[in-house]
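The values are calculated or read from the model by the stated rules, or taken from the named source; none is laboratory data. Quick caveat: nothing in here was measured; it's all calculated off a predicted structure. Counting neighbours? That spans all protein chains shown, and the Cβs are built from the backbone with ideal geometry, glycine included. Accessible surface is based on the protein model in full, side chains and every heavy atom, while ligands, DNA and RNA are left aside. Shrake-Rupley method; radii C 1.70, N 1.55, O 1.52, S 1.80 Å.
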Amino acid sequence: MTVKKQQIQKPSGENLSDVIVLKGVNTHNLNNIDVTIPKNNIITITGVSGSGKSSLAFHTIYKEGQFRYIESLSSYLRQFFQLGSRPDIEYSSGLSPAIAIEQNKQSGNSRSSVGTLTEIDDYLRLLFSKVGSLYSYGSGKPIKTQNVETIVNNIKNNYSDKKVFLLHELVVCDEKKELETFTRKNRNRVEKEKGFVRYLIVPKGEKGEPVEYFYLEEPNLPTDFFPVAVYGIYDRVTVEEAKIGRLKEDIIKILAEQKKFGIWVEDEHKLEWFTDKNYDPEYNISYPEFTSRHFSPNRIEGACPHCSGLGEILQVDIEKIIDPQSTYMRAILPWRDSNYGQNILERLAQKYSIDQAAIWHELPERFRHVVLHGDQELLRVKNGEKNANISYEGIDPIIKDQFQKGMLTVDFQAMLGMEHCPECQGAKLRKESLHVFITLPTGSLSEDLLFHLNTHKFYEQKVDDYPDNRIKINIAQLQHLSLNEIITVLEVFEEHSLEDEQLIDRILHPLMDRARTIGELGLGYLSLHRQVGTLSGGEIQRLRLTKQLGNKLTGIIYVLDEPTIGLNTKEIVKVIDAIKGLKTMGNTIIVVEHNEEFIKNSDWVVEIGPGAGDFGGNVVFNGSYEDFIQQQSLTSDYITGKRKVHIDFEHKVSSQHITIKKAHKYNLQNIDVQLPLGGFSIITGGSGAGKTTLMYTTLFRFLEEKQKFIQSYIRLHLLKKGLSWQEIISAPVMKKDEYAHYEKLALQEFYNDIGVDIIQGYEHIDNTLYIDQSSIGKTPRSCPATFVGIFDDMRTLFAGTNEAKYLGFNSGHFSFNSSKGACPECKGYGYKKIELQFLPDTYIHCELCNGTRYKPEINQITRRGKSISQVLDLYIKDAYEFFSDIGHIHEPLKMMMEIGLGYLKLGQPAQMLSGGESQRLKLIKHFLKSYKGHTVYFLDEPTVGLHPHDIEKLLLVLKKFLDKGDTILMIEHDEDLLQFADKVITLDNGALINSSNKKNK
């Protein structure tokens, strides 16, 4: 293909500080290109998949910007930055610090949430620590700290001219003997100057008058006077102006040593407690001085101690593991065949004198509780060949331990699962933190919002929900609301709060600004507690974008990776407006993008091409958008409509359907969906519409996990009937009709789990496959040849040559993963990592094998003039010709050629492949497997990273599957793909908006 040399346009203006200049860029497949782009503009880098867009944007501009900044630091600080190798570039200027906003999730941490990612949680924690009101989880009453001055004034106002006792609570004595013991011990303490010289004995209830004693006296109280409370007397003071100074000094001394003290009013027989700390004297509960850390589940100060701040724990389902109709020794199902479990049951029966032949449900309730939950006493049991003393804490920790050690079968593993922590109810925080509230008038909130707040309380019912028509809200309740609802709540709180206005403004304004920005980007439906792992790549990227908008930095280069992914037209407009906001702040925005609307809103366009891989890497166009649409290039032709995505996509669609009725999982609103088998169906809609819930959580999970769920359900019930393992395993096959009713029950329970009334037509489906854009391998050893499966055949061919046979080489010698043939210096990688002190690591070709990966003697074996390493270095299009006489290798290569992957090399490392390339390789691999029966393929936004020209190639692959009679279901928004669908299902906020045929004509 002849490529016309593109005239490169220079940005207007001669000031080099206004432009970014790159010369001699050779990163990855870039061909020594020179690029000059204007700063403080929105620059779109576009081109076909694999052309080198990301190599220029992320691996050159972003990485070089990082290096320039790090180089300004001291050598000591530079050693802490792991930046990898430097971009291959001869000259650069005009670069400033760079920030990449990518789609990758990168966080497998279950603690990462929307709140932590956006840092809104930090503001909420600060809000509750500064202005939250604390309530006791014991009494439900408000806990208010007072200083000494306030306490003295309180006593002065309430007990003026009255004699009061300042008391310290010592002990409660239920009988006379306990009081005598206390008196004796107190006498000894007084002699050591530690006890109380005088103390007051107050009977519980109305049994008599309080009695004051001197420490040397022996209390002589009647038996019916008990129980009594004993208080040490700090001082006796008459509350009058002359003695206020003395009272104040007493209180200062007392609170320096104790949490609280009591005031006993002699005439009124009234006891009132005072403290200058967060303390509930009625229930003797101490509360900390709250800081932001006390509202974080990732800090020991705030994390629920029961679940360590995770909000869920591994829980044993007692109902599933107990068969109440069996005898005691056989009632606990996982322990029927466990020698250790049987020994524990036997020892417990002996200890409590229980008949081992008794039926479980007839056993004493107290004993059943001990078996299930333990008695915390030592029990000597036999474990293997050894006897050991264990503190028996019930079956729960033992079965969990067996589960974690892999000692339970698959059926028993189904009896355990992650459930909400019973201590914090899934809120992740300590009780103390969950009883700090903000309050606002109930009349200011809608009924729906009040309902949502009441759905997630996370606190003790003792606390009055609506004191004086004001609702109390803790931090966990806010985190479980959507961001749009949080904004409403905080606006009402700001309006009616009685706290310091300046303090409220400083906390709430940045919080609400960020929340509103997220809402403007179409993500207002997200809740702060939602885990990052459940978000799509597009949602994560937009959340990171809002964080940068909130930071209000200037002079930064922002590099974004397809921010329009997963968005409908309205949402794309919102993202464009947000990015223009970054530009207005004085930043340079560089975006890798194919979306037509985004390119139209760009100030500058750089097209890399003309092809992919080594057939790309050149600057096809570099100039303003106005000039771009006047030029003739592959991308501009699609933008101006000169070219359109068009292929012959005719295929036969079956008359059979799979039907989903009343899908209601998560936000789905009882929708009915019918999908044609043998057809191409697309689910589309805005963010949070319920697309993934419908496709993955409902349909894919049903087809993938149905049989396993039913099998586990039947085995559990047969186990309770006392059948042997042999009978249980053979039952579904040998006695299918006899146990058919169990299958119906299991199916109904599974329907309830996935949130649907019924799914019909699934009996026509034999296989289900979920194909995403993740990498084809986790190591650099993975490559197209190994992934598709032709590398084994290639090695066999080389092992069959006369030279290889003569030297005794087998196919293992031609694998770079085997020590037989791999270079001993680089272990088959082809390069070596050099670690440099104070500088980033660098990679160089292995000197022994010169990057070929193999030992020299292996490279001397050739077939048709090429060694195995030279064959791996071939482009797929050249390998197609090289193996033209080998049908089982030639056919997969032909498919790769047809779908536009001819530019890849057979041995190209997996991490150098784009998401679209990886997905197409997966489709080829599955196509070559030739699954028996009808297969349904699930794809999640396969056009991510694809140029319109590449979408044609994707459609060619999809048509091959449809021609085999298979079914394809995907989530997608691209209009170029939607026009080819047999069925388009449009969702909005969980509701079915449209379900129609939209076939290409």
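Would you calculate the separation in nanometres between label points at residue 212 and residue 388, each defined as 7 Å from the Cα along the Cα-to-beta-carbon direction? About 6.1 nm separates the two model spin labels. Applying the Karplus relation 6.51 cos²θ - 1.76 cosθ + 1.60 with θ = phi - 60° to segment 161-172 yields 3J(HN,Hα) values of 6, 10, 7, 10, 9, 8, 10, 10, 5, 9, 7, 10 Hz, where x marks Gly and Pro. Placing +1 on the Cβ of every Lys and Arg and -1 on the Cβ of every Asp and Glu, with no other charges, gives the chain a dipole of roughly 2700 debye about its Cα centre. Compactness of segment 148-276, taken as the C-alpha radius of gyration over 2.2 N^0.38 Å, stands at 1.08. Using only the C-alpha atoms, the convex hull of segment 865-930 corresponds to 86 Å³ per residue. Among 179-188, 946-955, the peptide with the highest mean count of other Cβ atoms within 10 Å heads the list, and the full ranking is 946-955, 179-188. The ratio of the alpha-carbon radius of gyration of the chain to the globular-protein estimate 2.2 N^0.38 Å is 1.21. Each residue of segment 44-61 was assigned a 3J(HN,Hα) from its phi angle through the Karplus curve 6.51 cos²θ - 1.76 cosθ + 1.60 (θ = phi - 60°); the sequence is 9, 9, 10, x, 5, 4, x, 6, x, 4, 5, 4, 6, 6, 8, 7, 10, 5 Hz, with glycine and proline shown as x. The C-alpha atoms of the chain define a longest principal axis, and helix 701-720 lies at about 50 degrees to it.
Say R0 is 45 Å: what FRET efficiency, to the nearest 0.05, do residue 810 and residue 652 get from their beta-carbon distance? It would help to have the intermediate numbers written out before the result.
Numbers: r = 46 Å, r/R0 = 1.03.
Computed FRET efficiency for residue 810 and residue 652: 0.45.
Checked against a 30 Å cut-off, the cross-linked pairs 141/163; 259/472; 63/547; 431/691; 428/570; 53/644 give Cα-Cα distances beyond that limit for 431/691; 428/570. What the phi angles of segment 498-508 give under the Karplus curve with 6.51, -1.76 and 1.60, with θ = phi - 60°, is a coupling list of 9, 6, 4, 5, 5, 5, 4, 4, 5, 8, 6 Hz, glycine and proline written as x. In this structure the amide hydrogen of residue 312, modeled in the peptide plane, comes within under 5 Å of the amide hydrogens of 421, none closer than 5 places in sequence on its chain. Protein heavy-atom surface of segment 184-330, 1.4 angstrom probe: 47% of the accessible area is carbon and sulfur, with nucleic acids and ligands not counted.
With Cβ to Cβ distances under 12 Å as the rule, what net charge do the other residues near residue 351 carry (K, R +1; D, E -1)? Don't skip to the end; give the middle numbers.
Numbers: positive: 347, 380; negative: 346, 375, 377.
Once all neighbours under 12 Å are counted, the net charge is -1.
The distance linking segment 488-565 with segment 875-948 is 41 Å (Cα centroid to Cα centroid, whole angstrom).
Projecting the Cα atoms of 769, 669, 342 onto the dipole axis of the chain, where Lys and Arg carry +1 and Asp and Glu carry -1 at the beta carbon, places 769 farthest toward the positive end.
Give the cross-link partners of residue 320 among the lysines, using a straight C-alpha distance below 20 Å as the criterion and excluding same-chain residues fewer than 8 apart. Here the lysines satisfying the reach criterion relative to residue 320 are 400, 706, 708, 720, 721, 744. As a rough guide to protection, the peptides 608-614, 257-263 ranked by mean Cβ packing within 10 Å, highest first, stand as 608-614, 257-263. Near residue 101, once Lys and Arg are set to +1 and Asp and Glu to -1 for all other residues with Cβ below 10 Å from its Cβ, the sum equals +1. For segment 434-450 and segment 197-240, what is the separation of their Cα centres, given in Å? Computed from Cα coordinates, the inter-centre distance equals 46 Å. The slack in the chain from residue 866 to residue 377, taken as 0.36 nm per residue of separation less the alpha-carbon distance, amounts to 168.6 nm.
Can you check what the net charge comes to around residue 303, using other residues whose Cβ is under 15 Å from the Cβ of residue 303 (Lys, Arg +1; Asp, Glu -1)? Show your work: numbers first, answer last.
Details: positive: 111, 125, 293, 299, 428, 430, 431; negative: 121, 301, 312, 423, 432.
That works out to +2.
So if we plug the beta-carbon distance of residue 743 and residue 451 into 1/(1 + (r/R0)^6) with R0 = 45 Å, what FRET efficiency do we get, rounded to 0.05?
On the way: r = 38 Å, r/R0 = 0.85.
According to the calculation, E is roughly 0.75.
Distance between the 7 Å Cα→Cβ label points at residue 139 and residue 500: 2.8 nm. Work from the charge dipole of segment 793-902 (Cβ charges, +1 for Lys and Arg, -1 for Asp and Glu, about the Cα centre) and give the residue of 815, 804, 902 farthest towards its positive end. Most positive-ward Cα: 804. The packing ranking, built from the mean of other Cβ atoms within 10 Å per residue, places the peptides 171-178, 702-709, 986-993 in the order 986-993, 702-709, 171-178, highest first. How much length would be gained if the chain were fully extended between residue 91 and residue 764, taking 0.36 nm per residue of separation minus their Cα-Cα distance, in nm to one decimal? Extending this stretch completely gives an extra 236.1 nm.
Between residue 339 and residue 801, what is 0.36 nm times their sequence separation minus the Cα-Cα distance? Round to one decimal in nm.
Between residue 339 and residue 801, full extension yields 160.5 nm more.
Structural descriptor for the chain: relative contact order 15 percent, calculated from alpha carbon pairs under 8 angstrom and at least 6 residues apart. In this rough spin-label picture, where each label sits 7 Å from Cα along the Cβ direction, the residue 640-residue 516 distance is 4.2 nm. Once amide H atoms are built 1.01 Å from N in the peptide plane, which residues 5 or more positions from residue 690, or in another chain, come under 5 Å H to H? Under 5 Å from the amide H of residue 690 lie the amide H atoms of 990, each far enough along the sequence or on another chain.
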